[in-house]
Amino acid sequence: MLTMEHAQTIARETLAEGARLEFAPLCAVVLDRGGHMLALLRHENASIYRPEIAIAKAAGCLGMGFGGRELARRAAAQPMFINGLQAAFPKGLLPVAGGVLIRADDGALLGAVGVTGDTSDNDEICALAGIAAAGLMADTGA
């Protein structure tokens, strides 16, 4: 089970990693496996729609069952399908790195994190650090 403590650790350490690496101001959201928000942290200098972007990254991964990198591959291969899903997914779907599934040691799906603010690759680096800090496994879809 993804706890509030896990979620807070993931969000806090995700933003801390971005600061350590001197990335642009980040926003991180942690959703449980049902898509419910457990934590959202936004650096005070992150731009206005960063929470919505982070939610779309995480929710899209949950809705499809794989990480942002696999979503990106499928979007390239089936753009019409992914475009259609964006209308069907109430919390959005953003097929890029920075959306990462959170798994237990046995591979069970616990939730997802969405990170935005810098490049998608850098967002993902920070998400991985946050998930590791919580002692959980990341699934980027790589």
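Table for the structure above
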item	result
Single residue of the stretch 6-56 satisfying the filter (free of Cβ contacts under 8 Å to residues at least 60 places away in the same chain and of a type in the set (D, E, K, R)) that is surrounded by the fewest Cβ atoms within 10 Å (Cβ to Cβ)	GLU44
Answer residue from the stretch 107-120, given it is within 14 Å of ASP139 (Cα to Cα) and without any contact (Cβ under 8 Å) to a residue 60 or more places away in the chain and is surrounded by the most Cβ atoms within 10 Å (Cβ to Cβ) among those	ALA108
Residue ID - farthest from THR14 (Cα to Cα), chosen from residues in the stretch 121-131 that are of a type in the set (A, V, I, L, M, F, W, C), surrounded by fewer than 24 Cβ atoms within 10 Å (Cβ to Cβ) and in contact (Cβ under 8 Å) with a residue 40 or more places away in the chain	ILE125
Filter result for PRO79 (farther than 21 Å from LEU2 by Cβ, surrounded by fewer than 24 Cβ atoms within 10 Å (Cβ to Cβ) and not aliphatic (A, V, I, L, M))	yes
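Laboratory data are not the source of any read-out in this text; all were calculated from the coordinates shown. Owing to the predicted nature of the structure, the values given are computational and were not obtained by experimental measurement. Glycine also receives a Cβ, built like all others from the backbone with ideal geometry; neighbour counts cover every protein chain displayed.
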